[in-house]
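Just so it is clear, none of the values below were taken in a lab; they were calculated from the coordinates. Bear in mind the structure is a predicted one, so any value in this text is a computation, not a measurement. Here the Cβ is made from the backbone with ideal geometry for all residues, glycine too, and neighbour counts use every protein chain on show.
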Amino acid sequence: MSNWNDRLFRWYPAVLLLALAAVTFWLDQKVQPLPIPRDGSTRHDPDFLIDDFSAMRMNPDGSQRYALRGTKMTHYPDDNSTVIEQPRFIHYDPKTAPVRIRSDEALISQNGDDVYFSGNVHIVREAYADQKPMSLVTEYLHLMPDQDLAETDKAVRMTQGKTVVESVGMRFDNKARILNLLSNVRVDYASPLNLSAFGRK
């Protein structure tokens, strides 16, 4: 029995060192950063570009819902976003006139649910029936086309006929027919401003 104890006593330091080495290696592997892919997927580099493009989305009945075109489209694979230069967006509504949006640039989210227009954003609803043309100017607009929502936290200037409305921040719900002007509202009133002018009544 004493020989067994002697052998165990002699081997114990080596076993302890081996166990400590194994634990140290395991911890080192756990705290190591994940390897960086070498395919460029983590870099914000474009994977394709298209010049002078146009696209259209249809309603279930085959009618036009909206169209988008631009001088250049750049797609980024790392976040699946798309940047459009000189975008021209048209929303079609059979009950009113088309609504047109143009700006210097637009960013489309990876799922296409959000479009962010920036730089000299102009929105125009053409005249129809007895309604005069309506326009809106701002520097930034967040559009959610499938929800019929548009909003901005920047200064906006809306004009219809001789009526001019200015504010800082706006949210427009086309489905609910609600236009919210968020702050610093100023109205130069000359004729009724039709708040349903950007969509269906």
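Calculated FRET efficiency, Asp130 to Lys72, Cβ-Cβ distance, R0 = 45 Å: about 0.70 to the nearest 0.05. With a Förster radius of 45 Å applied to the C-beta separation of Asn59 and Ser183, the computed FRET efficiency comes to 0.80.
For Lys162, a cut-off of 16 angstrom between C-alpha atoms picks up these aspartates and glutamates, skipping any fewer than 8 places away in its own chain: Glu126, Asp130, Asp188. In this structure the amide hydrogen of Thr163, modeled in the peptide plane, comes within under 5 Å of the amide hydrogens of Ala190, Ser191, none closer than 5 places in sequence on its chain.
Count the net charge of all other residues whose Cβ sits under 9 Å from the Cβ of Ser118, scoring Lys and Arg as +1 and Asp and Glu as -1. So the environment of Ser118 carries a net charge of -3. Working note: Karplus 6.51/-1.76/1.60 with θ = phi - 60° gives the stretch 118-132 the couplings 9, x, 6, 7, 10, 10, 9, 9, 5, 5, 7, 6, 9, 8, 7 Hz, where Gly and Pro are set to x. Here the stretch 136-161 is scanned for amide nitrogen atoms under 14 Å from the site 7 Å beyond the Cα of Arg100 along Cα-to-Cβ, giving 136. Of the cross-linked pairs Lys132/Lys175; Lys95/Lys154; Lys72/Lys132; Lys72/Lys95, those separated by over 27 Å at the C-alpha level are Lys95/Lys154; Lys72/Lys132; Lys72/Lys95. With the convex hull of the Cα atoms taken as the outline of the stretch 114-164, the averaged projected area works out to 4.1 nm². Placing dummy labels 7 Å off each Cα toward the beta-carbon, the span from Leu107 to Asp52 is 2.9 nm. When only alpha carbons of the stretch 48-188 are considered, Rg and Dmax amount to 15.4, 48 Å. For the stretch 48-188, relative contact order (Cα pairs under 8 Å, six or more residues apart, normalised by length) works out to 12 percent.
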